[in-house]
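Structure first, then comments.
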Amino acid sequence: MPKDMLLEIKDLEISLLVESHMVNIIDNVSFDLKFGEVIAIVGESGCGKTVTSQAIARLLPRELKILSGKILFYSKIDERVLDVCKLDPKGKTIHYIRGDQIGMIFQEPMSSFSPVYTIGNQICEVIRLHQKVSKKKARNISIELLDTVGIPNPVAAVDQYPHEFSGGMRQRAMIARAISCNPSLLIADEPTTALDVTIQAQILVLLQELQKEFGMAIIFITHDLGVVAQISHRVFIMYMGKIVEEGSVHDIFHNPKHPYTENLIHAIPKLGNLRERRRLVPIRGNVPSIFDELHGCAFHPRCKFFMPDKCDVHFPKCKHLTSNHSVWCYLYE
Amino acid sequence: MAPLLEIKDLKLYYPVGRSGLLGKPITTVKAVDGVSFTIIRGESMGLVGESGSGKTSLGRAILRVVEPTSGKVLLHLGKKIIDITSINHDNLRRMWKHMQMIFQDPYSSLNPRMTVRDIIAEPMVANHIAKGSDLKDRVVDMARRCGLDVEQLSRYPHAFSGGQRQRIGIARALVLHPDFLVCDEPISSLDVSIQAQIMNLLKDLQQQLNLTYLFIAHNLSVVAYACDRVAVMYLGQLVEVAPTEILYYKPKHPYTESLMSAIPAPDPDNVMEPILISGERPNPANPPSGCRFHTRCQYVDTKCETQVPELIEYDSDHFIACHYAEELQLKGALEQPAAVKKEHT
Amino acid sequence: MVNTGVKVKRNKHVRRLDIATARQLMWWKFKRHRMALLGISVILFFLLLAIFAEFLSPYAPYERTAIYTSGSPMGLNFIDTDRKLHICPFVYGRVSKRDPVTLRLKPAIDTSQCWPLRFFVKGSSYKLWGIFKLNIHLFGAKGGFIHIFGTDKLGRDLFSRCLYATRTSLSVGVIGIIFTFFIGIVMGGIAGYIGGMVDNIIMRIIEFIRSIPTLPLWLSLAAALPREWSALKVYFAITLILSLVSWTNLARRVRSKLLALREEDFVISARLAGCKTARIIRRHLLPSFLSYIIVDLTISFPWMILGETSLSFLGLGLREPAVSWGVLLFSAQNILSIVHMPWLLIPGIFVIVSVIAFNFVGDGLRDAADPYSK
């Protein structure tokens, strides 16, 4: 095991229980994450990117079940290796890991704060849950944190209620709460999707600064390839519950191998060639639903290189192109 | 270049709060506050701005789906010029044959209790334009043009994915062959791989049916791709209107500059250096004096706090509302063709 | 022009959903509620009881069995005292005996007589629904009388009276609901569609009505009814009083739903499509909120029944000779009769069961009302 390993996910399988039958949502997902690394999980709605992150913190909704696999968390403090999958989702250990080791930020900051307590109260609560400090000390830490995330006049802001904050400020406050215990992993689930482009830029810059300052690892979940290119080191492309390509951010954007990745990158508008006024190259077909019966590679109905009796039968094996660029596609076998 | 629509000093104020038992509104939110611009026949005009800048309200006020407080919207139909804001309701209903809209949310914009065929047919039925087999043929024709599976027309909207629903919405809007279409965030709720499909569909239909678009969106790259000209809106007013390339590569308004610098380029080699505009967006019920952007502008001067800048045509077809438009040297979007980049340095 | 790629087969269950109409979706959703299904069957059962009350009841509501006053419920037996098995169930005979202490005549069981149960027996004649003149009753006892719920002080059959009461009480609910529906939709519709000053005035009136405590309002209105009014007149007056109070809820609901729907994108697009107001209301607004109104009405139904029952119980609603659940319970008011004749509380069970059943159905409908939410 490499020394700087933080998280290792092995063959994770998660199913959704619909009226007494199971539908696989996450299928054989494996990846790892080192200390201080920023990875992005990219995919469209229903591809399972959010579910994966929820599984890491064991915050899965009740109808989702982890069938098999391991989520190994290498604790930085006592050098333990914990399999998060085996933990009691309501037990002590997972509570310790959540918040203390894993911080989370979500798309909609309003719903993750309680409207009846002040922002300061809610940050203090997290601090005092995980650290033995006095109320006054916790309050001071909260003010410092609010200052760190760039909230103007943090001394006043600590006593304000969430509704008094704007969307961007709430997102900052949520980041403050997530990093309050100096976690080694920050899970950011579409943190900028609901924000305007100028605010999004501010949040991205803030996250990059914090990442450099505290050296934490970030799992960034998004569908926005622009954001991915700007913030991440490594990228995982997911399609219908499976990882189809992983690689460094340069590999993915400059040398994409999987047809889906390649199509995605060509489907988004770029500003560099406005004069040419080229058409976008769309991906044909529709985003499948989890109820569609798809065998083999789930992308095959939309793929230009679809090979009958191959792509629609078995899911391809992993092909390592370089040490950290892998693709799951028959084109490379 | 014949104009299709002239918007003159359009205002839309919403009352907020009430005082007393049967009281009068306490304040008004100036969602659209004196907007003037022209849309040329056959072009795509983009409209961008932050959420709450009033771009959706502007789109709806132009169609008079919401009643504007004051101002004029002149629709040029051949040699006739019709003032949309002053005609009576029956005539307005007739005018809507020429002006249609597609919505952001493909879920709430289709009546869940009607089949797709009925939804697309409704404008023709309501206007008594077609009946019987003629009606059916027209529905099928438009559905096919919009890339819908004709066999599935008797299904209900809930059976369709977001992208297909958006196609249904487009088919309904276009079935009367309008001249003008307001596209209010038509792709922002769709998946990335579907967005390009809808964008291309809109482009194809524009050519086939000779349409004019007002394209409202907050995703700046999408607008850049879709539009010939773009207008930037801030707190209910236009701050800059220019041809797309000029606006993106050589903006002249500080607000546009900050917007452009914040677009994350889908290229890891193009590292973002956003100009972070300070402070919060002011309350639209109580906008700042002078230039509305002065509270967050990095080039602010005393003049900006007191004097309201007018939207003036500085260059041909480049309108800017800034006192220092000529002096300021501003940066454009992160991704630029090498040639343009060189000119700058 | 658009390449849709390779066809994807969808899950069978989902394919069925794809072509379902709104009504089908609602029914599928409703079906998932076991309790609501139970409630619906109970209500249907009650309705049958009410519709065929004359036929199902062995006696007319005012028919008296003079020798069996204040009689207890007569149980059905299969095995007699000689341990002989009867194929047809029977009741033991009853005789009047003088109580040795109080010297009062009291009915007592006489095990020497067996009155077998017979179906489709001839009894007092009646006009079913005021049309068909008949004298056949579902069941009766050969050779004597049968009172499975017992009798009241005057010797009237409680079971028969319960059935007639079900008819009255449910019809008070139905008629009250129709009044409520009418006033609520008109007032709520005006407030929501016209808006402005009219909306303000109607809303203030509603707030005023709702601020008055319900029971005293009912009481004072009911007490104001002239004593000499016929039972029928009183009956309509009572339902009107009940709906005068309950329309406010519905009106509010209609108004807020209208206000919300008016801003829905699909209503705006209907306007843009050139629909006139009438068509928008008929095609787009009404179908969308009709289901919500039905839910509301189902939930307010028990309040109607309870209202009528409480008024009658207090002696201010329906009065004898009308028979309703409340009227029947009125006679079970004092402690003495409850101690000596606990069976007089049986109509109370009817009230409770029907109220619970309606609530279950309301719950199920509430979920089904919006078939497009997940």
Test each condition in (1) touching an Asp or Glu at 6+ places or on another chain (Cβ under 7 Å); (2) modelled with pLDDT of 90 or more; (3) hydrophobic (A, V, I, L, M, F, W, C) for B:I275 and report the one that comes out false. (2)
Residues in segment C:77-99 that are of a type in the set (A, V, I, L, M) and within 25 Å of C:S125 (Cα to Cα): how many? 1
Which one is nearest to the chain's Cα centre (by Cα) among residues in segment C:229-280 that are of a type in the set (S, T, N, Q) and part of a helix (DSSP H, G or I)? C:T239
Qualifying positions in segment A:56-102 - within 17 Å of A:E8 (Cα to Cα) and small (G, A, S): A:A57, A:S68, A:G69, A:S75
Taking segment A:180-192 as the search range and keeping residues that are more than 10 Å from every other protein chain (Cβ to nearest Cβ) and of a type in the set (S, T, N, Q), which one is nearest to the chain's Cα centre (by Cα)? A:S184
Can you find a residue in segment C:95-105 that is in contact with a Gly (Cβ under 7 Å, 6 or more places away or on another chain) and outside the structural domain of C:V323 (by TED's automatic domain parsing)? no
So which pairs qualify, if the first residue must be in segment C:149-164 and touching a residue at least 12 places away in the same chain (Cβ under 8 Å), the second must be of a type in the set (K, R), the Cβ gap must be under 8 Å, and the two must be at least 6 apart or on different chains? C:D152/C:R161; C:L154/C:R64; C:G155/C:R64; C:R156/C:R64
Kindly state which helices (runs of 4 or more DSSP H) lie completely within segment A:77-163 and contain at least 3 residues that are crowded, with 19+ Cβ neighbours inside 10 Å. A:92-100, A:119-130, A:135-148
Quick check on my filter: what residues within segment B:44-74 are over 22 Å from B:P243 (Cα atoms), of a type outside the set (A, V, I, L, M) and away from chain A (no Cβ under 14 Å)? B:S57, B:R60, B:R64, B:E67, B:P68, B:T69, B:S70, B:G71, B:K72
Search result, residues across segment A:26-50 that are over 9 Å from the mean Cα position of the chain (by Cα) and either part of a helix (DSSP H, G or I) or hydrophobic (A, V, I, L, M, F, W, C) (or both): A:I26, A:V29, A:F31, A:L33, A:F35, A:V38, A:C47
Filter pass, B:E240 being out of contact with any Phe, Trp or Tyr (no Cβ under 8 Å at 6 or more places or on another chain) and more than 7 Å from chain A (Cβ to nearest Cβ): no
Scan segment B:254-295 residue by residue and report those that are more than 9 Å from every other protein chain (Cβ to nearest Cβ), surrounded by fewer than 21 Cβ atoms within 10 Å (Cβ to Cβ) and touching a Pro at 6+ places or on another chain (Cβ under 9 Å). B:P282, B:P288, B:G290, B:T295
Looking at segment B:75-102 only, could you name the residues that are under 26 Å from B:P15 (Cα atoms), more than 14 Å from every other protein chain (Cβ to nearest Cβ) and outside any loop (DSSP other than H, G, I, E, B)? B:D83
Matching residues in segment B:129-146 - criterion: being at pLDDT below 90 and either within 11 Å of chain C (Cβ to nearest Cβ) or not in a helix (DSSP H, G or I) (or both): B:I129, B:A130, B:K131
Search segment B:153-169 for residues being more than 20 Å from B:S193 (Cα to Cα) and more than 8 Å from chain C (Cβ to nearest Cβ), and hand back the single one that is surrounded by the fewest Cβ atoms within 10 Å (Cβ to Cβ). B:L153
Among the residues of segment B:170-187, write down those that are more than 11 Å from chain C (Cβ to nearest Cβ) and outside any loop (DSSP other than H, G, I, E, B). B:I170, B:A171, B:L174, B:F180, B:C183
For A:P259: the one exception among (1) more than 22 Å from the chain's Cα centre (by Cα); (2) in contact (Cβ under 8 Å) with a residue 60 or more places away in the chain; (3) within 30 Å of B:H158 (Cβ to Cβ): (3)
C:S112 being surrounded by 14 or more Cβ atoms within 10 Å (Cβ to Cβ) and either at pLDDT below 75 or of a type in the set (S, T, Y) (or both): no
Tell me, yes or no, whether segment A:35-44 has at least one residue that is within 14 Å of chain B (Cβ to nearest Cβ) and over 24 Å from A:M216 (Cβ atoms). yes
Criterion first (polar (S, T, N, Q), out of contact with any strand residue (DSSP E or B) (no Cβ under 6 Å at 6 or more places or on another chain) and modelled with pLDDT under 90) does A:Q202 satisfy it? yes
Check on C:S169, under 29 Å from the mean Cα position of the chain (by Cα), over 15 Å from C:L76 (Cβ atoms), modelled with pLDDT under 80 and of a type in the set (S, T, N, Q): no
If a residue must be buried (at least 18 other Cβ atoms within 10 Å of the Cβ) and at the interface with chain C (Cβ under 8 Å from one of its Cβ atoms), how many such residues does segment B:113-128 contain? 5
Do any helices (runs of 4 or more DSSP H) entirely within segment C:17-65 hold 2 or more residues that are over 20 Å from the mean Cα position of the chain (by Cα) and outside the structural domain of C:R167 (by TED's automatic domain parsing), and if so, which? C:22-31
So which pairs qualify, if the first residue must be in segment C:251-277 and surrounded by 23 or more Cβ atoms within 10 Å (Cβ to Cβ), the second must be of a type in the set (D, E) and part of a helix (DSSP H, G or I), the Cβ gap must be under 6 Å, and the two must be at least 6 apart or on different chains? C:A273/B:E122
Of a type in the set (A, V, I, L, M, F, W, C), more than 9 Å from chain B (Cβ to nearest Cβ) and within 21 Å of A:Y74 (Cα to Cα), is that true of A:L207? no
Evaluate segment A:162-176: report whether one residue or more is more than 24 Å from A:L59 (Cβ to Cβ) and within 23 Å of the chain's Cα centre (by Cα). yes
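The values are calculated or read from the model by the stated rules, or taken from the named source; none is laboratory data. Values in this document were obtained by computation on a predicted structure and should not be read as measured data. Don't worry about glycine lacking a Cβ; one is built from the backbone with ideal geometry, like all the others, and counts go over all protein chains shown.
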